[in-house]
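S.K.: One structure follows; several queries about it will come next.
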Amino acid sequence: MKNFLSIDQGTTSSRSIIFDENLNLVIDAQEEYDLNYPEDGWVELDPKKILETVTNTVNKVVSDNVSIEACGITNQRETTIVWSKSTGEAIYPGIVWQDRRTHEYCAQLKSNGHESIVKEKTGLLLDPYFSATKIKWILDNVDGARESAKKGELLFGTVDSYLVYMLSKEKNHFTDVTNASRTLLFNIKNMAWDEELLDLFEIPKNMMPKVLGCDGNFGNLEINDNEIPIRGVIGDQQSALVGQSCFKNGDMKSTYGTGCFLMVNTEDKPVNIDEGLLTTVAYQLNNKVHYAIEGSIYSSGNIIKWLRDKMKFFDSANQSEKYLNKEGNSNNVLFLPAFNGLGAPYWNSDVRGGFYGITQDTSVEDMVTAAFHSISFQTREITSILQKYDIKISNLSVDGGMVQNDSFCQLLADTLNKEVLQPKNVESTAIGACKVCMLASGLDIDNLNKDDASSFKPNIDLTQTYTNAFNDWKSYVEKSIN
């Protein structure tokens, strides 16, 4: 029985898992780390902590008596690291995907008429979410950085690229098509770094990693005197798409981690949607590129973390379930999930979060229920846009840490008025990375049985309740923005 290592590097933790060739979990390890918030709207991480937590977890699962066929890496996307080619030291903390510091620069580019060409080439919007403006900010604000970059002394990478460079025996400066497609610098039509966009953002091309397919040969990982081929790299949301076996046109999944990301496979057709949804590369496997539409929501699991750690409403995330009203009643309390602005479909960097409708009668249960509603309502808003484009949604496959909460899955079903499918193993992101490296190792993943999924069907008696609550919430969001 062959074994495969999956490295899942997320926004607040790193996880290493060994799966066998039937995707049974053999052993896993996870380690959390903290993000830093130096100013309003700024979100940073320590690249050394990324490296340390990945190395620690890999060391815990890899041993001499377990043979590993290959490794797959999946990662938080858009998070930007710039490091010295000679020393490997980052010249500035990693700027996390949630960071909004460049929103004024993005607004300036929009006002100068650049968004149309950016969207045409990349499928993305001009927004601080993506990597390009983060790179430019580092080059403009770290002493000597721009001069060093022009001399070829600095390298850029999203987290996957940084890990491959730091952990591979060959020190390869590689990335894959999915992570490249989230930088605002990669043309998703000709699948190459775009000279015009590099010039627009004033980024030297010599900083950019070589782009491979997801199932490319990324080098060899050296851990505990073991050498493991890295045969798969894929961004976390695309990895969850593969993990959920969404290989056909119209197949859809929604991942509820720190943020929430709904993605639907459009196969070889890059479909453009005007209402704030993104066109992106789903994956490239066996030299064939698939595209996807994505709805990106900034705040999901971090809302529950905030209720636990900052508001002290409960001691552990799983305790939140008992505060969630099963009948959809939040006592008219609404929550705006905008810690760092709003993602799709609004893409507003200035709005901030808040509760509305609080009275002396408001309870913790009302506030927790309103917070959970905000997550499901954001999902409903995106699915409503997709349905306008005749993308049929019969059910929604979900994954991520939040969907271990059965009450939340039922809330999603009731809010969307659709069947929600919860896989037996909710870590679809790690499974996707494993599937990619298995495919690259010559295994036939089509023969793998899809996980048995639990089904949550909507309660039709609550349809009007959730429709009214959604409309009230949407009105609150729009008023807050205006």
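S.K.: Search segment 64-96 for residues being β-branched (Val, Ile, Thr), under 23 Å from the mean Cα position of the chain (by Cα) and within 18 Å of Gly232 (Cβ to Cβ), and hand back the single one that is surrounded by the fewest Cβ atoms within 10 Å (Cβ to Cβ).
M.R.: Ile73
S.K.: Could you pull out the residue among Lys121, Lys150 that is touching a strand residue (DSSP E or B) at 6+ places or on another chain (Cβ under 8 Å), over 23 Å from Gly341 (Cα atoms) and surrounded by fewer than 24 Cβ atoms within 10 Å (Cβ to Cβ)?
M.R.: Lys121
S.K.: Can you tell me which residues in segment 124-136 are outside any loop (DSSP other than H, G, I, E, B) and either surrounded by fewer than 20 Cβ atoms within 10 Å (Cβ to Cβ) or modelled with pLDDT under 95 (or both)?
M.R.: Lys136
S.K.: So which strands (runs of 3 or more DSSP E) stay within segment 16-122 end to end and still have 3 or more residues that are without any contact (Cβ under 8 Å) to a residue 60 or more places away in the chain?
M.R.: Qualifying strands (runs of 3 or more DSSP E): 25-32.
Here's the yes/no breakdown for (1) of a type in the set (Val, Ile, Thr); (2) touching a helix residue (DSSP H, G or I) at 6+ places or on another chain (Cβ under 6 Å); (3) within 21 Å of Cys106 (Cα to Cα):
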site: Thr175; (1), (2), (3): yes, yes, no
site: Asn190; (1), (2), (3): no, no, no
site: Asp199; (1), (2), (3): no, no, yes
site: Asp215; (1), (2), (3): no, yes, no
site: Asn220; (1), (2), (3): no, no, no
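S.K.: Further question: Please tell me if Ser316 is under 22 Å from Thr369 (Cβ atoms), in contact with a Phe, Trp or Tyr (Cβ under 9 Å, 6 or more places away or on another chain), among the hydroxyl-bearing types (Ser, Thr, Tyr) and modelled with pLDDT under 90.
M.R.: Against the criterion (under 22 Å from Thr369 (Cβ atoms), in contact with a Phe, Trp or Tyr (Cβ under 9 Å, 6 or more places away or on another chain), among the hydroxyl-bearing types (Ser, Thr, Tyr) and modelled with pLDDT under 90), Ser316 does not qualify.
S.K.: Is there a residue being surrounded by 19 or more Cβ atoms within 10 Å (Cβ to Cβ), within 28 Å of Trp473 (Cα to Cα) and either at pLDDT 90 or above or of a type in the set (D, E, K, R) (or both) anywhere in segment 281-290?
M.R.: Scanning segment 281-290, I find no residue that is surrounded by 19 or more Cβ atoms within 10 Å (Cβ to Cβ), within 28 Å of Trp473 (Cα to Cα) and either at pLDDT 90 or above or of a type in the set (D, E, K, R) (or both), so the answer is no.
S.K.: Another one. Go through Lys151, Lys169, Lys136 for me and flag whichever is over 25 Å from Val289 (Cβ atoms) and free of Cβ contacts under 8 Å to residues at least 40 places away in the same chain.
M.R.: After ruling out the rest, the residue left standing is Lys151.
S.K.: Then there's this: Please count how many residues of segment 259-289 are farther than 19 Å from Glu115 by Cα, without any contact (Cβ under 8 Å) to a residue 40 or more places away in the chain and either touching a Phe, Trp or Tyr at 6+ places or on another chain (Cβ under 6 Å) or in a loop (DSSP other than H, G, I, E, B) (or both).
M.R.: Going through segment 259-289 one residue at a time, the tally reaches 3.
S.K.: Sticking with this structure for a sec: Out of Phe174, Phe156, report the one residue that is touching a strand residue (DSSP E or B) at 6+ places or on another chain (Cβ under 7 Å) and either modelled with pLDDT under 95 or closer than 16 Å to Ala433 by Cβ (or both).
M.R.: So the residue among Phe174, Phe156 that is touching a strand residue (DSSP E or B) at 6+ places or on another chain (Cβ under 7 Å) and either modelled with pLDDT under 95 or closer than 16 Å to Ala433 by Cβ (or both) is Phe174.
So that you can scan it fast, the table gives a plain yes or no per residue for (1) crowded, with 21+ Cβ neighbours inside 10 Å; (2) closer than 24 Å to Thr178 by Cα; (3) touching a helix residue (DSSP H, G or I) at 6+ places or on another chain (Cβ under 6 Å):
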residue: Thr102; (1), (2), (3): yes, yes, yes
residue: Ala107; (1), (2), (3): no, no, no
residue: Lys110; (1), (2), (3): no, no, no
residue: Gly113; (1), (2), (3): no, no, no
residue: Ile117; (1), (2), (3): no, yes, no
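S.K.: Could you grab me the full set of residues in segment 144-166 that are in a loop (DSSP other than H, G, I, E, B) and charged (D, E, K, R)?
M.R.: Across segment 144-166, the qualifying residues are Lys151, Glu153.
S.K.: How many of the residues in segment 306-361 are in a helix (DSSP H, G or I), among the charged types (D, E, K, R) and under 20 Å from Gly259 (Cα atoms)?
M.R.: Of the residues in that region, 3 qualify.
S.K.: How about segment 167-236: which strands (runs of 3 or more DSSP E) wholly inside it have at least 3 residues that are over 19 Å from the mean Cα position of the chain (by Cα)?
M.R.: 210-212, 220-223, 226-235
The values are calculated or read from the model by the stated rules, or taken from the named source; none is laboratory data. A quick note: this is a predicted structure, and the numbers were derived from the prediction, not measured. As a convention, Cβ positions derive from the backbone with ideal geometry for all residues, glycine included, and neighbour counts pool all protein chains shown.
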